[in-house]
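*Asks:* Please read through the structure below; I'll follow up with questions.
Each reported figure results from applying straightforward, stated rules to the coordinates on display, with no laboratory input. Here the structure is a predicted model, which means the values were calculated and not measured. Positions of Cβ are generated from backbone atoms using ideal geometry, with glycine treated the same way; all protein chains shown enter the neighbour counts.
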Amino acid sequence: MANLNTYLTFRGQVHGEPGLKVRLVDIWGNVSRAVAPSTYRLRYARYMASYYIPTYVFDTPGFNYHEVRAIQFFVDEEVPVGEIGYKIFGCNSRDITSSP
């Protein structure tokens with residue numbers, strides 16, 4: 001990801017969203033703020049949804065957007081152990097300033 005003018009896009013299951021979080025990790029191991037993808041669901045069908053998360057919502061002091069190494073999906077403490085199975089169908093980032 002180049003900067004804060006980017007958004008993370010992915011498609012995933014509609015079911016299993018409660019408690020699901022996503023965050024970014026830079027090459028030094030710094031983690032960004034975790035956000036709930038369900039807040040950024042753009043559209044959905046019966047089993048799959050499209051998500052567009054602006055990267056500025058991940059903003060955390062000391063985090064380097066120029067050196068993102070990983071995107072982590074995880075569940076928070078609201079979800080009982082073994083109670084979720086979530087499938088991601090492709091994950092990309094796009095620069096907002098160059099998008100039509």
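*Asks:* For a quick check: sort D59, D26 by the number of other beta carbons within 10 angstrom, fewest at the front.
*Replies:* The order, fewest Cβ neighbours first, is D59, D26.
*Asks:* Further question on the same structure: Against the empirical 2.2 N^0.38 Å scaling, what ratio does the C-alpha Rg of segment 11-55 come to?
*Replies:* It is 1.28.
*Asks:* For T9, T60, T55, which order do you get if you count the other beta carbons within 10 Å of each Cβ and list the fewest first?
*Replies:* By the 10 Å Cβ count, ascending, the order reads T60, T9, T55.
*Asks:* Using the Karplus curve 6.51 cos²θ - 1.76 cosθ + 1.60 with θ = phi - 60°, what ³J(HN,Hα) values do you get for each residue of segment 36-43, in whole Hz, with x for Gly and Pro?
*Replies:* Whole-Hz 3J(HN,Hα) from phi for segment 36-43: 8, x, 4, 5, 10, 6, 8, 8.
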